[in-house]
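Asker: Questions regarding the structure given below will be posed in turn.
The numbers here are math on the coordinates, done by the rules we state, and not lab data. None of the values given here were measured: they were computed from a predicted structure. All Cβ positions, even for glycine, are placed from backbone atoms using ideal geometry, and neighbour counts span all protein chains on display.
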Amino acid sequence: MAILVDMTGSESRLDAIKTDFKRLGITDPVWLPGEDYDPASIELVLAWKPQVRDWSAYTGVKLVQSWGAGVDHLLDAGFPADWPVARFMGQSLKDRMVRYVCAQLSNWQLDMPRLVQAQNEKRWDWHDGRWGEQVLILGLGELGQSVAESLAVQGYKVSGWSQSPKKLKGVESLTGKPGLNAGLARADYLINLLPLTSATRGLLGSELWARCERQPVIMNVGRGASLAEDDLIPALEVGQLSGAILDVFETEPLPSQSPLWSHPNIWVTPHIASISDPSDVIRLSIDNLRQVRAGEPPRYPVDLSREY
Ligand code: OXD
């Protein structure tokens, strides 16, 4: 078999990724777009915003494996409808997401930038902290569930909004518009982990902010385009929201002229919340390929026609 690794934006990591395949004992050829390979030899495509658009010569593909949990970057890739597609999921991804969310909640509550500034100035800047314990998680997929259960263990009062009801320890399950309204009204923190679909694009916007009653902080660790960026600063200015912790953006890298960079109550991080561990993606993709070859569906299958 041959493998194509087609990952836009990760060019600096590709040599290391090729080495990871070897380290894991995979001796099959691993190609990058633009290299001199026979498209018909490719059985496995590992993709993140793939560059290849014409797949007609790729007659042997058995599996497309997304490098990340999200698959919105594959929706316009032009894959033939009968190719099996799987997304990445695994314990390392969940752990990293949980760690990011917990760290940022704590950083917010302790106002960490203020403390760093105070240390730089050798000032003993004791303050009360800005606490809050009601968390609403938007989206209870694998990552949302892990975050919800971890926060519940830490003593937060957690509810989660999802399409179908979920049974999770210490987490109230909310569905539908009434559920969303109830969660928004009592939330101190909103954490977005919804996939990006036509239904969620721009969902985090003025209509939602108008239903918040406790000036929550919005943390977006799902997809940038779920947030209506133009509605955010007005919501902060009128006090519907008290802050935003943003790890994902409609355009990445976030353009330097974006006002989000310099608003005092917006924190920007560079899509770092839950980085896929290359070895774990490679292991899953090889296992998935084996399953597909054996006539089984891959783990974490995706239906691109449903957008997730
Ligand atoms: C993902 C991501 O989809 O990192 O996993 O955004």
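Asker: Semi-axes, largest first, in whole Å: what does sqrt of 5 times each Cα gyration tensor eigenvalue give for segment 91-268?
Answerer: 25, 20, 16
Asker: I would also like to ask the following. Give me the one-decimal nm value for the distance between modelled label points at Arg99 and Asp54, 7 Å along each residue's Cα-to-Cβ direction.
Answerer: In this crude label model, Arg99 to Asp54 measures out at 4.4 nm.
Asker: Grab the Cα-Cα distance for Glu207 and Glu296, subtract it from 0.36 nm times how many residues apart they are, and report the gain in nm with one decimal.
Answerer: That pair, Glu207 and Glu296, stretches by 27.7 nm at full extension.
Asker: Could you derive backbone 3J(HN,Hα) for segment 211-224 from the dihedral phi with the Karplus parameters 6.51, -1.76 and 1.60 (θ = phi - 60°), listing whole Hz in sequence and x where the residue is Gly or Pro?
Answerer: 9, 8, 10, 10, 6, x, 9, 9, 10, 10, 10, x, 9, x
Asker: While we're on this one: Using modelled amide H (1.01 Å from N, peptide plane; none on Pro or chain starts), what sits under 5 Å from the amide H of Trp267, excluding residues fewer than 5 places away?
Answerer: Ala244, Ile245, Leu246
Asker: Fewest to most neighbouring Cβ within 10 Å: what's the order for Val238, Val61, Val5?
Answerer: Val238, Val61, Val5
Asker: Right, next: How would you rank 118-127, 50-59, highest first, on the average number of other Cβ atoms within 10 Å across their residues?
Answerer: The most tightly packed comes first, giving 50-59, 118-127.
Asker: Would you please state which residues of segment 63-99 a label at Ser198 would reach in this model, taking the label point 7 Å out along Cα→Cβ and a backbone N cut-off of under 17 Å?
Answerer: Only 72-78 pass the distance filter.
Asker: Suppose every Lys and Arg Cβ carries +1 and every Asp and Glu Cβ carries -1, with no other charges. What dipole size does the chain come out with about its Cα centre, to the nearest 20 debye?
Answerer: It works out to roughly 920 debye.
Asker: Could you list Ser305, Ser226 in order of exposure, starting from the residue whose Cβ has the fewest other Cβ atoms within 10 Å?
Answerer: Lowest to highest Cβ neighbour count: Ser305, Ser226.
Asker: As a test, work out the antiparallel percent of DSSP beta bridges whose residues both lie in the chain, rounded to the nearest 5.
Answerer: 5 percent
Asker: Calculate the spin-label point distance for Trp126 paired with Ala81, positioning each point 7 Å from the Cα along the beta-carbon direction, and give it in nanometres.
Answerer: Rounded to a tenth, the inter-label distance reads 6.8 nm.
Asker: So what are the three principal axis dimensions of the chain from its Cα atoms, in whole Å, longest to shortest?
Answerer: So the three principal-axis extents are 62, 47, 35 Å.
Asker: Right, another one. In debye, nearest 20, what is the charge dipole magnitude of segment 91-268 about its Cα centre with +1 on Lys and Arg Cβ and -1 on Asp and Glu Cβ, if you could check?
Answerer: Dipole size: approximately 540 debye.
Asker: I've got another one for you. I'd like to compare 23-35, 204-216: which one has the highest average count of other Cβ atoms within 10 Å, and what's the full order after that?
Answerer: The most tightly packed comes first, giving 204-216, 23-35.
Asker: Rounded to the nearest 500, what is the chain's calculated 222 nm mean residue ellipticity when only DSSP H runs of at least 4 contribute -39500 (n - 2.57) each, over all residues?
Answerer: Estimated from H runs of four or more residues: -9000 deg cm²/dmol.
Asker: As a test, work out the antiparallel percent of DSSP beta bridges whose residues both lie in segment 134-216, rounded to the nearest 5.
Answerer: 5 percent
Asker: Next up: Out of the DSSP beta bridges found with both residues in segment 91-268, what percent are antiparallel (nearest 5)?
Answerer: Once the DSSP bridges in segment 91-268 are tallied, antiparallel ones form about 5 percent.
Asker: Follow-up. Which ordering of Ile275, Ile137 is given by a fewest-first count of other beta-carbon atoms within 10 Å?
Answerer: Ile275, Ile137
Asker: So how many Lys-Lys pairs in segment 91-268 land under 29 Å Cα to Cα, not counting same-chain pairs under 8 apart?
Answerer: 12
Asker: Sort 255-265, 282-292 by packing, meaning the average of other beta carbons within 10 Å per residue, with the highest value first.
Answerer: By packing density, highest mean first, the sequence is 282-292, 255-265.
Asker: For Cα pairs less than 8 Å apart in space and 6+ apart in sequence, what is the mean separation divided by the residue count of the chain, i.e. the relative contact order in percent?
Answerer: Relative CO of the chain lands at 17 percent.
Asker: Quick one: if you stick a label point 7 Å off each Cα along the C-beta vector at Leu110 and Asp303, how many nm between them?
Answerer: Each label point is offset 7 Å from its Cα along the Cβ direction, giving 4.5 nm.
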